[in-house]
Amino acid sequence: MLSASTVSAQNSLAVHQQDGQVTVFSFTEKPVVTYSDNELVLTTRKTAVQYPLYKLKKLTFDTAWDDPSRIEEQIVNAKFRFQGNAIVVTGCKPGAQLMVFDLKGKKTCQLRTDDKGCATISLNGLRKQVYVMKTDHCSFKFRKP
């Protein structure tokens, strides 16, 4: 028994075939797409379906919002500058978490901004290479001088 629907559904994966047929799999069924030989294999909690690749047109995701008017604009005023052997961060939310990662993804530093949304991150002990600083709202790369 095929648990997929042929109508549109929110939070779903849709398989579009060349003949116009569309089959929709809800994310609640945990669809997993793999490829075997010349076929797309879609497996869910309840079923597995194989599609010859030459019959497929596209895969799409439907993650529509119930109320697009609920989207809120967020203005980020964070500023970063080098000062001596440190980076000074201003304009963040008070108590925001700041993390610094090397390019291998290893966290090298973590701290929170003060009650004014500011922090100073010492670069002492960091090797001269490229790092990524991540805040609650943005991230940026920098090279230790």
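Scanning region 107-119 for residues that are closer than 19 Å to residue 141 by Cβ and in contact (Cβ under 8 Å) with a residue 12 or more places away in the chain gives 108, 109, 110, 111, 119. Return yes or no: is residue 46 over 30 Å from residue 145 (Cβ atoms), in contact with a strand residue (DSSP E or B) (Cβ under 6 Å, 6 or more places away or on another chain) and modelled with pLDDT of 85 or more? No; evaluated as a whole, the condition is false for this residue. Would you check if residue 35 is modelled with pLDDT under 90, closer than 30 Å to residue 12 by Cα and either of a type outside the set (Ser, Thr, Tyr) or not in a loop (DSSP other than H, G, I, E, B) (or both)? The answer is yes for residue 35.
Restricting attention to region 74-106, the residues that are closer than 18 Å to residue 143 by Cβ and within 20 Å of the chain's Cα centre (by Cα) add up to 9.
Consider region 113-140 and keep the residues that are more than 17 Å from the chain's Cα centre (by Cα) and exposed (fewer than 12 other Cβ atoms within 10 Å of the Cβ). The one that is farthest from residue 84 (Cα to Cα) is 115.
Can you find a residue in region 19-30 that is within 11 Å of residue 60 (Cα to Cα), modelled with pLDDT of 90 or more and assigned to a strand (DSSP E or B)? Give the derivation first.
First pass over region 19-30, keeping only residues within 11 Å of residue 60 (Cα to Cα): 22-25.
With modelled with pLDDT of 90 or more added as a condition, the list becomes none.
No; the residues of region 19-30 include none that is within 11 Å of residue 60 (Cα to Cα), modelled with pLDDT of 90 or more and assigned to a strand (DSSP E or B).
Can you tell me which residue is modelled with the lowest pLDDT among those in region 1-18 that are assigned to a loop (DSSP other than H, G, I, E, B) and in contact with a helix residue (DSSP H, G or I) (Cβ under 7 Å, 6 or more places away or on another chain)? Outline the logic, then answer.
Quick first cut of region 1-18, residues assigned to a loop (DSSP other than H, G, I, E, B) only: 1-4, 6-11, 18.
So of that shortlist, the ones also in contact with a helix residue (DSSP H, G or I) (Cβ under 7 Å, 6 or more places away or on another chain) come out as 3, 11, 18.
On the way: 3: 39, 11: 80, 18: 92.
Here the residue is 3.
Restricted to region 107-134, and to residues there that are assigned to a loop (DSSP other than H, G, I, E, B) and more than 17 Å from residue 78 (Cα to Cα), the residue that is modelled with the lowest pLDDT is 125.
I'd like the residue in region 75-106 that is in a strand (DSSP E or B) and loosely packed, with under 12 Cβ neighbours inside 10 Å and, out of all such residues, is modelled with the lowest pLDDT. Write out each step before concluding.
Step one: filter region 75-106 for residues in a strand (DSSP E or B), giving 79-83, 86-90, 97-102.
Going one step further and asking which of them are loosely packed, with under 12 Cβ neighbours inside 10 Å, we end up with 79, 81, 83.
Working: 79: 86, 81: 89, 83: 91.
This residue is 79.
The values are calculated or read from the model by the stated rules, or taken from the named source; none is laboratory data. Small disclaimer: the values here were computed from a predicted structure and weren't measured. Every residue, glycine as well, gets a Cβ built from its backbone with ideal geometry; the counts of neighbours run over all protein chains shown.
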